[in-house]
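Right, one structure below, let's go through it.
The values are calculated or read from the model by the stated rules, or taken from the named source; none is laboratory data. Source: prediction; values computed, not measured. Backbone-built Cβ (ideal geometry, glycine too); neighbour counts: all protein chains shown.
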Amino acid sequence: MNNMSSSPVRKIVHVDMDAFYASVEQRDNPELRGKPIAVGGSAARGVVAAASYEARKFGVHSAMPSVTAKRKCPDLIFVPPRFDIYKAVSQQIREIFAEYTPLIEPLSLDEAYLDVTENLKGMEIASEIALEIRAKIKQVTGLNASAGISYNKFLAKMASDLNKPNGQAVITPKNGPAFVEALRINKFHGVGPATAERMRKYGIETGADLKSKSLAFLQEHFGKSGPYFYGIARGIDERQVKPDRIRKSVGAEDTFIEDIIDLDLANAELRPLAEKVWRYCEAQGIGGKTVTVKIKYSDFTQATRSRTEAIPFANVAEILDASSALLATVYPFKRPVRLLGVTLSSLTGAGAGNTHQQAQLDLEL
Ligand SMILES: [Mg+2]
């Protein structure tokens, strides 16, 4: 862990959909909009899976017994869940995340951590990435998301709640420690009600109280969680964003403002894509032997062309040459081109392959 301190500051975004299941139901059924609804069963033993913001005003929240919810909010409308729809929306938002970074760690269908320190768009400002992602989510799904931006997972997660719903907040390295000190212990992500109660017994009510305890004390009383609590009390959290699957490719694509019919113009558009892919691979120590060019036409049909070499591409010029050659094979274009993509696969190196290599990737980040 010590060598992490020499790493550059990480840029972590936590994206969290607002009242996810309930918002999907209100999206799909206009009669439910503006009304207090609970997704879940209304039966005697039913539990609220999600509550709309209108229902939350009455104190209805997820995991609450439906009977209690109905008592708090007599006009509450119960809607049966449609998990296949929620999964499909979840897939849509993950595809949006993947345009920015392969380092996506979903926490549930509607929440994920993204490490955008190195990102496929080459964007410097993580809060601009969060704004873009939220706008795309809105555009594609019609739903609102909130985001937290910070230099580690713990603070990004805390930040996504600050301006909810439909907002985002940044916690900078400068502000992190003071933010944590002022935080009530029961608000800490990773401190459940039982732990919070035990902490209270030791006089720990806030982050500042937690910070005043030694590592030895926290290890003695909270075991393996001790070092985590010691770290987050100082705004330190070195947990990596762990993608839920091993990455198989690195790609970048761009949709053009005006469709392209000219081969030279299309070739010129390949360069920034190849550069983005190469920049990312270089930063991650990834090589690739297969390059794929995706061509999407104005009628939304698409073609892909691939070439695999015996050894990994050595530089951006090689990727670009291969991409141009592949593009030439579909010229003249059957229709104007609205999007081009360049993807590198058959990956080698630290960021690809088996789980052992995946572990190396984690360390090198
Ligand atoms: Mg949510």
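Being among the charged types (D, E, K, R), in a loop (DSSP other than H, G, I, E, B) and under 23 Å from Leu162 (Cα atoms) is a description that does not apply to Arg94.
Residues considered: Ala19, Ala63, Ala50, Ala44. Of these, the only one that is within 15 Å of the ligand (Cβ to nearest atom) and surrounded by fewer than 16 Cβ atoms within 10 Å (Cβ to Cβ) is Ala63. Checked against the criterion of being at pLDDT below 95 and among the polar types (S, T, N, Q), segment 44-60 has no qualifying residue. Just a yes or no: is a residue in segment 320-334 in a strand (DSSP E or B) and modelled with pLDDT of 90 or more? No - not one qualifying residue is present in segment 320-334.
Scanning segment 296-319 for residues that are of a type in the set (A, V, I, L, M, F, W, C) and either assigned to a strand (DSSP E or B) or surrounded by 14 or more Cβ atoms within 10 Å (Cβ to Cβ) (or both) yields Ala303, Phe313, Val316, Ile319.
Can you tell me which residue among Val293, Val250 is assigned to a strand (DSSP E or B) and either in the same structural domain as Thr117 (by TED's automatic domain parsing) or under 30 Å from Pro173 (Cβ atoms) (or both)?
Values: Val293 fails: either in the same structural domain as Thr117 (by TED's automatic domain parsing) or under 30 Å from Pro173 (Cβ atoms) (or both).
Only one candidate passes the filter, namely Val250.
Would you please name the residue that is farthest from the ligand (Cβ to nearest atom), looking only at residues in segment 66-115 that are of a type in the set (Phe, Trp, Tyr) and surrounded by 19 or more Cβ atoms within 10 Å (Cβ to Cβ)? By that ranking, first place goes to Tyr100.
Looking for something assigned to a helix (DSSP H, G or I) and farther than 26 Å from Arg33 by Cβ - is there at least one such residue anywhere in segment 137-147? The answer is no, given that none of the residues of segment 137-147 is assigned to a helix (DSSP H, G or I) and farther than 26 Å from Arg33 by Cβ.
Taking each residue of segment 138-149 that is within 17 Å of Tyr21 (Cβ to Cβ) and looking for partners that are among the polar types (S, T, N, Q) and outside any strand (DSSP E or B) with beta-carbon atoms closer than 8 Å, six or more apart or interchain, yields Thr141/Gln92; Leu143/Ser23; Asn144/Ser23; Asn144/Asn166; Ala145/Asn166; Ser146/Ser160; Ser146/Asn163; Ser146/Asn166. Please tell me if Val291 is in contact with a Lys or Arg (Cβ under 7 Å, 6 or more places away or on another chain) and under 19 Å from Leu347 (Cβ atoms). Yes; evaluated as a whole, the condition is true for this residue.
Go through (1) over 26 Å from Glu118 (Cα atoms); (2) within 26 Å of the chain's Cα centre (by Cα) for Asp259 and report which single condition fails. The one condition Asp259 does not meet is (2). Anything in segment 103-130 that is hydrophobic (A, V, I, L, M, F, W, C), farther than 13 Å from Arg10 by Cα and either in a helix (DSSP H, G or I) or within 10 Å of the chain's Cα centre (by Cα) (or both)? List them, or say none. Ile104, Leu107, Ala112, Ile129, Ala130, listed by residue number.
Can you go through Arg27, Arg10 and tell me which one is away from the ligand (no atom under 16 Å from the Cβ) and either within 22 Å of the chain's Cα centre (by Cα) or basic (Lys, Arg) (or both)? Residue meeting the stated conditions: Arg10. As for segment 213-226, it holds at least one residue that is at pLDDT 95 or above, over 21 Å from Lys153 (Cβ atoms) and crowded, with 17+ Cβ neighbours inside 10 Å. Of all the listed residues (Tyr86, Tyr100), the sole one being in contact (Cβ under 8 Å) with a residue 12 or more places away in the chain and in a helix (DSSP H, G or I) is Tyr86. Applying a threshold of 7 Å to beta carbon distances and a minimum spacing of six or more residues, or different chains, the list of pairs starting in segment 313-339 at a residue that is assigned by TED's automatic domain parsing to the domain that holds Val293 and ending at one that is among the polar types (S, T, N, Q) reads Ser324/Asn267; Leu327/Asn267; Arg335/Ser298; Pro336/Ser298; Arg338/Thr255; Arg338/Ser298; Leu339/Thr255.
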